[in-house]
1. Which whole-Hz couplings ³J(HN,Hα) result when phi for each residue of segment 168-182 is put into the Karplus expression 6.51 cos²θ - 1.76 cosθ + 1.60, θ = phi - 60°, listed in order with x for Gly and Pro?
2. For segment 1-99, just the Cα atoms, rotate onto the principal axes and tell me the three extents in Å, largest first.
3. Please report, in debye to the nearest 20, how large the charge dipole of segment 2-103 is about its Cα centre when each Lys and Arg carries +1 at its beta carbon and each Asp and Glu carries -1 there.
4. Just to check I understand the Karplus step: with θ = phi - 60° and J = 6.51 cos²θ - 1.76 cosθ + 1.60, what whole-Hz values come out for segment 95-107, glycine and proline as x?
5. Could you report the chain's accessible area per residue, 1.4 Å probe, as an integer in Å²?
6. Using Cα springs under 10 Å in a Gaussian network model of the chain, which residue among Arg143, Arg157, Arg31 shows the largest mean-square fluctuation?
7. Given a 10 angstrom Cα cut-off, can you work out which residue in Phe130, Phe16, Phe166 is the most mobile in a GNM of the chain?
8. Which order do you get for Leu117, Leu170 if you rank them by accessible area with a 1.4 Å probe, largest at the top?
Amino acid sequence: MLMPTLHTERLVLRPFVAADAPTVQVLAGNRLVADTTTNIPHPYPDGAAERWIASHAGSFVDRETLTLAVTRRDEGRLLGAVSLIDIQPRHQRAEVGYWIGVEFWGQGVCTEAVAALMDFARTDLEITRFVGRCYARNPASARVMEKCGMTHEGTLRQHVAKWGKFEDMLLYGQVLPQRSAQ
Ligand SMILES: CC(C)(COP(=O)(O)OP(=O)(O)OC[C@H]1O[C@@H](n2cnc3c(N)ncnc32)[C@H](O)[C@@H]1OP(=O)(O)O)[C@@H](O)C(=O)NCCC(=O)NCCS
């Protein structure tokens, strides 16, 4: 299966291409984006976006991760990224991850993109269990997960060390109906 392209009312979610790298470096390089993610370095090094984009096809072939660029349907502008990470076919489970460029926050972009990715995961990858995690100090991310049908399942206390401080993480999840293990 090739990496998909998904269409929503306002967005196109498509595989990243090498030409996206400079924009990724600018958007993900904003300290406000790095601040609430676990893996985005800050400052964002030259070459890191190129290496990240180049890794996507292989990790989808291995069915570990699916990462798509979030773009505007009307003029194609790159807004951010959504991912299924830790895809576990045997457990019909995947984790969602995402970031959106600061100037595009608060317009429902992330929710629209994550909802479409979860739909694809359900219909084409037979995922029936979703999880997502965010820092306890990141209510916008928690709200995205709620709006996508997940509920708070617990708090992982001091789970991640971020910039010299241990952070509590909120665990969100959803179990779809009619789930059956093979
Ligand atoms: C989290 C993030 C992806 C949200 O993107 P977005 O496109 O602005 O999200 P949406 O507009 O779809 O939804 C955001 C929701 O959070 C709410 N929100 C925003 N800030 C909030 C706050 N401080 N307290 C409570 N709710 C807040 C918004 O009102 C909105 O909810 P509503 O539609 O019910 O009003 C974006 O802020 C981001 O990229 N942050 C940095 C990276 C990050 O944190 N990634 C997630 C790691 S787990």
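1. 6, 10, 8, 9, 10, x, 8, 10, 7, x, 6, 8, 9, 7, 9
2. Computed over the Cα atoms, the extents are 37, 31, 22 Å.
3. Rounded to the nearest 20 debye, it is 220 debye.
4. Residue by residue, segment 95-107 yields 10, 9, x, 5, 8, 10, x, 3, 5, 10, 5, x, 10 Hz.
5. Accessible area per residue: 53 Å².
6. Arg157
7. Phe166
8. The residues order as Leu170, Leu117, largest area first.
The values are calculated or read from the model by the stated rules, or taken from the named source; none is laboratory data. The model shown is predicted, which means the values in this text are computed figures rather than measured ones. Every residue, glycine among them, receives a Cβ derived from its backbone with ideal geometry; neighbour counts consider all protein chains shown. We work out accessible area using only protein heavy atoms, side chains counted, and drop any ligands, DNA or RNA first. Shrake-Rupley method; radii C 1.70, N 1.55, O 1.52, S 1.80 Å.
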